[in-house]
Amino acid sequence: MPKTFLIILIVTSFMHPLKAQDFPLYPDKIPNSRATSNDEESDRQGENISISKISIPTMRHFPASEKSAETAVIIFPGGGYWNNSITHEGFEIAKKFNAIGITAFVVKYRIPNDDTMPDKTIGPLQDAQQAIKLVREQAAKYKINPARIGVMGFSAGGHLASTAGTHFNRVKITNEKNTSLRPDFMILIYPVISFENDICHKGSRDQLIGKNPPPDKVKLYSNELQVTKETPPTFLVHAGDDDVVPVANSIRFYESLLKYDVPAELHLYPHGKHGFGLNNETTKDYWFDRCKNWMDSNDWLAP
């Protein structure tokens, strides 16, 4: 091969790296969906891309880059059920898991909207359940163990992940094989948990169940009230000075997990506010290291 061509080839490979591809969550018709145009929008703030008006859900696969632990994490970015903070709370997180041998999937889930779905209250949950079903049924393809599939969520994505972990018997998708929709573990970072008036993130609640929700809906989607002995082991991170999603969301969920003897680990930082993603700059402690240790102690990392 001529030296000049080789140099061009190397430079080109750095300029145009292979990009991960999104694939549809549903192979056929999207359930609970109205026939509308795709009005999806992207907004860039610095290095982060947020996607709004999502009506066609997709998922992106990030294969482990080191020795595989045969464990997968399905990630739901935050965004108040208004958008998906897809880079900051999705792709960047997936790559960190890849580096410790964990396969990751980032879900671009539907935004609750009466114009795009007959029942907006179940749209995101359907997408979460479908993602778990898809990954579990195709575990061999992705070289993972179907009994080592967890969910992770940030902020409103944490509400979605915790809904998947507490409502898995409330099946909202077609599941002909009766595949288990229960995650094997949950990782919740500054999550919205409760829709109770005193601690809820009102924007997330308004988006999902409406501005004047009936009491039964508030209770149903207050996930600290939906914990049972079957709820998966959970890792939680929150900042005490979070002025968007009160830290009481994580504390009440942790207390409910303890009540039902569900193994749980809670890390509270005095500062950090909301939305710090991987890096809480107010502390030298790195929560992802704590998460890695937790996964290791539960045998979810490669030996």
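The values are calculated or read from the model by the stated rules, or taken from the named source; none is laboratory data. It should be emphasised that the depicted structure is a prediction, and the values quoted were computed from it without experimental measurement. Neighbour counts run over all protein chains shown; Cβ positions are idealised from the backbone, glycine included.
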Residue that is in a loop (DSSP other than H, G, I, E, B) and closer than 17 Å to P77 by Cβ, where the choices are V171, V151, V192: V192
Residue list for region 83-97, restricted to those being of a type outside the set (D, E), buried (at least 18 other Cβ atoms within 10 Å of the Cβ) and either on the phi > 0 side of the Ramachandran plot or out of contact with any Lys or Arg (no Cβ under 6 Å at 6 or more places or on another chain) (or both): N83, S85, I86, T87, H88, G90, F91, I93, A94, F97
Output for region 42-60, where each listed residue is in contact with a helix residue (DSSP H, G or I) (Cβ under 7 Å, 6 or more places away or on another chain) and either in contact (Cβ under 8 Å) with a residue 60 or more places away in the chain or of a type in the set (D, E, K, R) (or both): E47, P57, M59
Selection within region 173-204 - of a type in the set (S, T, N, Q), in contact (Cβ under 8 Å) with a residue 40 or more places away in the chain and either more than 15 Å from L125 (Cα to Cα) or surrounded by fewer than 24 Cβ atoms within 10 Å (Cβ to Cβ) (or both): T174, N175, T179, S180, S194
Odd one out for K292 among (1) surrounded by fewer than 21 Cβ atoms within 10 Å (Cβ to Cβ); (2) within 21 Å of E92 (Cβ to Cβ); (3) touching an Asp or Glu at 6+ places or on another chain (Cβ under 9 Å): (3)
Test for K133: is it on the phi < 0 side of the Ramachandran plot, touching a Ser or Thr at 6+ places or on another chain (Cβ under 9 Å) and surrounded by fewer than 23 Cβ atoms within 10 Å (Cβ to Cβ): yes
Boolean, G80 is surrounded by fewer than 24 Cβ atoms within 10 Å (Cβ to Cβ), closer than 30 Å to K211 by Cβ and either modelled with pLDDT of 95 or more or not hydrophobic (A, V, I, L, M, F, W, C) (or both): yes
Residue list for region 213-236, filter: in contact with a Cys (Cβ under 9 Å, 6 or more places away or on another chain) and closer than 21 Å to G203 by Cα: V218, S222
Matching option when the condition is at pLDDT 95 or above and in a strand (DSSP E or B), among I74, I93, I30: I74
Only one of D39, D119 that is modelled with pLDDT under 95, among the charged types (D, E, K, R) and exposed (fewer than 15 other Cβ atoms within 10 Å of the Cβ): D39
Single residue of A161, A140 found to be in contact (Cβ under 8 Å) with a residue 60 or more places away in the chain and in a helix (DSSP H, G or I): A161
Which numbered condition L278 misses (of (1) more than 17 Å from the chain's Cα centre (by Cα); (2) surrounded by fewer than 17 Cβ atoms within 10 Å (Cβ to Cβ); (3) modelled with pLDDT of 95 or more): (1)
Selection within region 212-241 - closer than 24 Å to K120 by Cα, part of a loop (DSSP other than H, G, I, E, B) and in contact (Cβ under 8 Å) with a residue 40 or more places away in the chain: Y221, Q226, V227
From S250, S180, residue being among the small types (G, A, S) and part of a helix (DSSP H, G or I): S250
Selection count where residues are under 15 Å from L134 (Cβ atoms) and assigned to a strand (DSSP E or B), scope region 51-61: 4
